[in-house]
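The values are calculated or read from the model by the stated rules, or taken from the named source; none is laboratory data. None of the values given here were measured: they were computed from a predicted structure. Every residue, glycine among them, receives a Cβ derived from its backbone with ideal geometry; neighbour counts consider all protein chains shown.
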Amino acid sequence: MKQYILKVISVEKVTHDVLQIRLEKPAHFQFRPGQATDLAINKEGWKNEIRPFTFTALPSADYLEFNIKTYPQHQGVTNQLLQLKPDDELIISQPWGTIAYKGPGVFIAGGAGITPFLAILRLLNSENKLADNKLIFANKTANDIIHKEEFENLLGANFINILSDEEHATYAHGFISKDFLQQHLAGPTHYYYVCGPRPMMNSVLNQLHELGVKDEWIVKEEF
Ligand SMILES: Cc1cc2nc3c(=O)[nH]c(=O)nc-3n(C[C@H](O)[C@H](O)[C@H](O)COP(=O)(O)OP(=O)(O)OC[C@H]3O[C@@H](n4cnc5c(N)ncnc54)[C@H](O)[C@@H]3O)c2cc1C
């Protein structure tokens, strides 16, 4: 598969453990919002440590962007990315992935599983097509919600938060449950886009099936 070695333009912390990394974009590079790429750090000892991350900038932007949750305890790639600075280099592959926008619906994300939806919602906004879409974002605490103001601006009352580890005045508390999902169910011809860690995915997919949502209306990717 074709690889690109790309210079880092900027690295910024968007929450206590999430980095927003912008890279130079190769000429004529194309991706579809929702797609990911295989990424490695162009540094001795790390070039073959490849991990998947999702493009989050608009396809029309003149840079590539990633929002990456870091796990220092893994001692893996995301921990190394904490040392990244402008002019360092990353290696990426061609875009790939199963998540693509098919039509209005409910986006259900857990933690870093928000990234494909960030890309899709930004594109829908740029095309004035956000109406009829809703985002349910599950996190541990309010400090873990990435790009909170941006989602509030994009979606208003259609941005719904649920926190598992913190009581909050305006957000739901606990894990996503069948009752909670039922409150936010869309019409029969709406899609359900689901992305997050395996336990959350298994639970939400079971709940959607129990609520009568057929597989052809579900778009999913496990993180
Ligand atoms: C299609 C796709 C797109 C993705 N896009 C994004 C994205 O845009 N943003 C994002 O933040 N994430 C994204 N992810 C998730 C991301 O790929 C992982 O978080 C990332 O690979 C973690 O890399 P790592 O090297 O830091 O840790 P890992 O590869 O998970 O772990 C490295 C090593 O740490 C050890 N380890 C593993 N788990 C633990 C643990 N719990 N405690 C201690 N040690 C442990 C293991 O020995 C492991 O080999 C995506 C995943 C997929 C499948």
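A few remarks follow.
- Where a residue in region 106-134 is among the basic types (K, R) and its partner, wherever it lies, is part of a strand (DSSP E or B), with Cβ under 9 Å and at least six apart: K134/G105; K134/V106; K134/F107; K134/F159; K134/I160
- Condition check for T70: at pLDDT below 95 and among the hydroxyl-bearing types (S, T, Y): no
- Checking every residue in region 182-189 against the condition of being touching a helix residue (DSSP H, G or I) at 6+ places or on another chain (Cβ under 7 Å) and not polar (S, T, N, Q) gives zero matches.
- Test result for N79, in a strand (DSSP E or B) and not aromatic (F, W, Y): no
- Evaluation of A138 against the conditions (1) within 16 Å of the ligand (Cβ to nearest atom); (2) in a helix (DSSP H, G or I) shows that the sole unmet condition is (2).
- Number of residues in region 77-104 that are within 11 Å of the ligand (Cβ to nearest atom) and out of contact with any Asp or Glu (no Cβ under 6 Å at 6 or more places or on another chain) equals 8.
- If only residues of region 9-64 that are touching a Pro at 6+ places or on another chain (Cβ under 8 Å) and of a type in the set (A, V, I, L, M) are counted, the one that is nearest to the ligand (Cβ to nearest atom) is A36.
- Checking V213, V219 one by one, the residue that is of a type in the set (V, I, T) and under 23 Å from W96 (Cα atoms) is V219 and no other.
- Taken over region 101-125, the criterion of being more than 12 Å from the chain's Cα centre (by Cα) and not basic (K, R) is satisfied by Y101, G103, P104, G105, V106, L123, L124, N125.
- Pair list, Cβ < 6 Å and 6+ apart or interchain, from region 161-184 residues that are assigned by TED's automatic domain parsing to the domain that holds N139 to residues that are of a type in the set (K, R): S164/K140; D165/K140
Matching residues to (1) surrounded by fewer than 21 Cβ atoms within 10 Å (Cβ to Cβ); (2) not assigned by TED's automatic domain parsing to the domain that holds L19:
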position: Y63; (1), (2): yes, no
position: F66; (1), (2): no, no
position: K69; (1), (2): yes, no
position: Q73; (1), (2): yes, no
position: G97; (1), (2): yes, yes
position: A100; (1), (2): yes, yes
position: I114; (1), (2): no, yes
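- Selection from region 207-223 of residues that are assigned to a helix (DSSP H, G or I), out of contact with any strand residue (DSSP E or B) (no Cβ under 6 Å at 6 or more places or on another chain) and surrounded by 12 or more Cβ atoms within 10 Å (Cβ to Cβ): Q207, H209
- Residue-level check: of (1) within 14 Å of the ligand (Cβ to nearest atom); (2) within 30 Å of K214 (Cα to Cα), F107 misses just (1).
- K148 vs. criteria more than 16 Å from the ligand (Cβ to nearest atom) and either at pLDDT below 95 or of a type outside the set (D, E) (or both): yes
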